[in-house]
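Input: a single structure, listed below in structure tokens.
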Amino acid sequence: QVTCVEVVEAYVERIREVNPLINAVVKDRFEEALREARQVDQLLAEGPADDSLEEKFPLLGVPVTVKEAFALHGMPNTSGLVNRRHVVAASDATVVSRLKQAGAIPLGVTNCSELCMWFESSNRVYGRTNNPYDLQRIVGGSSGGEGSVLAAACSVIGVGADIGGSIRMPAFFNGVFGHKPTTGVVPNEGQFPIAQGVRTNFLCTGPMCRYAEDLELMLRVMAGPGVHRLKLGEKVSLEKIKFLCMDHDGGSVFVYPVDKEILQAQKKVVEHLESSLGVQVERVAIHKMKYSFQIWSAMMSSQDSDGQEAQLFTDLLGDHGKPVWPLWELLKWLVGMSSHTLPAIVLGLTEKVMKLNPSGSAKLVSMGKSLQAEMETLLGPDGVLLYPSHPTVAPRHNSPICMPFNFAYTAIFNVLGLPVTQCPLGLSSEGLPLGIQLVAASYNDHLTLAVARYLEEAFGGWVPPGK
């Protein structure tokens with residue numbers, strides 16, 4: 001009904017209209033995108049569109065945006081680090097290459113937090129990204145530009161990465177879908193910073209989108225040959241799923257209590273599942289979840305099986321240049337002379353403190369491994385856990401520095417290696433997105449994706465901002 005050029009032009013126009021407000025797309029490639037759209041239209045005009053074309057190019061002509069931390073040929077690849085501001089990608093990250101080969105057309109790259117390690121997407125290279133539902137609110141991080149651009153209807157699908165909730169928090173704060181796949185299936189190559197040592201087990205690249213049905217299609221393309229491990233072809237009978245529910249982490253002293261409206265939204269999901277599917281949702285209390293932040297921190301800084309130490313964040317901040325001294329950077333920041341953001345400096349300082357208690361860290365790593373075994377057993381081959389995506393709706397700008405550990409609600413599942421889908425559940429009384437995490441045992445991504453499609457139908461999914 002419409003040409004590919006018309007589709008791409010519509011999205012280009014939309015980005016030009018709202019990007020001055022949200023600052024999500026930090027570098028565009030509109031001319032190249034329109035040229036590629038014309039090539040798609042020419043391909044379709046040359047012969048009838050048959051099944052083989054759809055099989056070869058499942059994303060033919062679909063606009064996509066990419067988190068700036070991923071290499072997209074000809075686009076900047078700074079990850080918000082000032083001393084990388086002249087870096088331009090000479091090739092494509094693996095997943096970007098696969099999406100392009102499937103026919104997707106990249107429109108540009110989107111903002112992230114400095115070095116992708118904070119949940120407000122703001123840096124000294126591109127500035128701050130704003131939430132389309134309320135410009136005074138954060139978009140989450142580190143794939144925050146991606147969450148914002150999708151929510152504002154500037155893109156259809158997007159590429160994110162997640163080591164502590166960097167796909168799911170932005171998807172939650174911006175009312176879209178995001179999926180953190182089972183660890184080790186979708187390749188991470190071609191992003192900066194790239195995980196090393198033990199962190200290669202925690203970093204996950206995954207899809208973000210406005211519509212639940214696009215998650216599986218994107219995941220198939222991004223995973224490539226390894227996709228069979230995720231059982232996406234298996235038919236899911238929702239009535240046979242063992243649903244579990246946990247309202248909060250058990251009361252961690254580091255994390256805010258869960259907002260009433262988030263709890264109410266989760267309660268509505270439970271009631272709907274029970275009344276419409278005839279299932280019994282089991283309430284569970286997993287004691288070790290109370291220590292989510294401590295477990296994530298300890299496992300992130302632990303040695304891998306070869307005894308290799310995790311890379312220091314301060315080394316990454318220097319990016320092969322002079323070492324960065326967090327205390328000195330803090331003094332410079334106080335007088336407006338640091339090229340780093342405050343969260344990055346504070347993270348560098350806390351990293352030093354974590355090194356002071358190796359025996360405590362070892363106990364937490366052991367607790368994490370025990371929790372992983374407990375969760376795999378509890379979920380089994382047919383279980384899906386309902387769990388809050390975050391304790392609060394999208395906070396105001398800068399306020400995360402006062403609640404720095406709230407990301408523990410998403411981070412714990414990175415170190416457990418489990419697949420998780422963030423699913424939007426309409427808007428709060430303030431007009432801000434609500435949502436829920438759907439968690440399954442390893443390689444059971446097909447279960448969470450099926451439940452996400454079901455909940456989208458039941459609760460409406462993405463709600464256009466400004467409604």
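The values are calculated or read from the model by the stated rules, or taken from the named source; none is laboratory data. On a predicted model such as this, the values are computed, not experimentally measured, just so you know. FYI the Cβ positions are ideal-geometry reconstructions off the backbone, even for glycines, and counts take in every protein chain you see. For accessibility, only protein heavy atoms count, side chains too; no ligands or nucleic acids. Shrake-Rupley method; radii C 1.70, N 1.55, O 1.52, S 1.80 Å.
Structure above, values below:
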quantity	calculated
Which numbered condition Ser252 misses (of (1) under 21 Å from Trp296 (Cβ atoms); (2) of a type in the set (Ser, Thr, Tyr); (3) surrounded by fewer than 20 Cβ atoms within 10 Å (Cβ to Cβ))	(3)
Inter-residue pairs, beta-carbon under 8 Å, first open to solvent by 10 Å² or more (accessible area, probe 1.4 Å) and in segment 373-388, second among the small types (Gly, Ala, Ser), 6+ apart	Glu376/Ala441; Glu376/Ser442; Gly380/Ala441; Pro381/Ala441
Filter pass, Asn77 being more than 18 Å from Arg220 (Cβ to Cβ), open to solvent by 10 Å² or more (accessible area, probe 1.4 Å), polar (S, T, N, Q) and out of contact with any strand residue (DSSP E or B) (no Cβ under 8 Å at 6 or more places or on another chain)	no
Qualifying position, being hydroxyl-bearing (Ser, Thr, Tyr), in a helix (DSSP H, G or I) and at pLDDT below 95, among Ser359, Ser370, Ser366	Ser359
Boolean, Val5 is among the aliphatic types (A, V, I, L, M), without any contact (Cβ under 8 Å) to a residue 60 or more places away in the chain and open to solvent by 70 Å² or more (accessible area, probe 1.4 Å)	no
Test: residue in segment 105-125 that is at pLDDT 95 or above and open to solvent by 50 Å² or more (accessible area, probe 1.4 Å)	no
Residue match in segment 212-232 (condition: at pLDDT 95 or above, in a loop (DSSP other than H, G, I, E, B), β-branched (Val, Ile, Thr) and buried (at least 20 other Cβ atoms within 10 Å of the Cβ))	no
For Glu271: the one exception among (1) out of contact with any strand residue (DSSP E or B) (no Cβ under 8 Å at 6 or more places or on another chain); (2) of a type outside the set (S, T, N, Q); (3) assigned to a loop (DSSP other than H, G, I, E, B); (4) without any contact (Cβ under 8 Å) to a residue 60 or more places away in the chain	(3)
Qualifying strands (runs of 3 or more DSSP E) (wholly inside segment 380-467; at least 1 residues being over 24 Å from Cys204 (Cβ atoms))	420-427
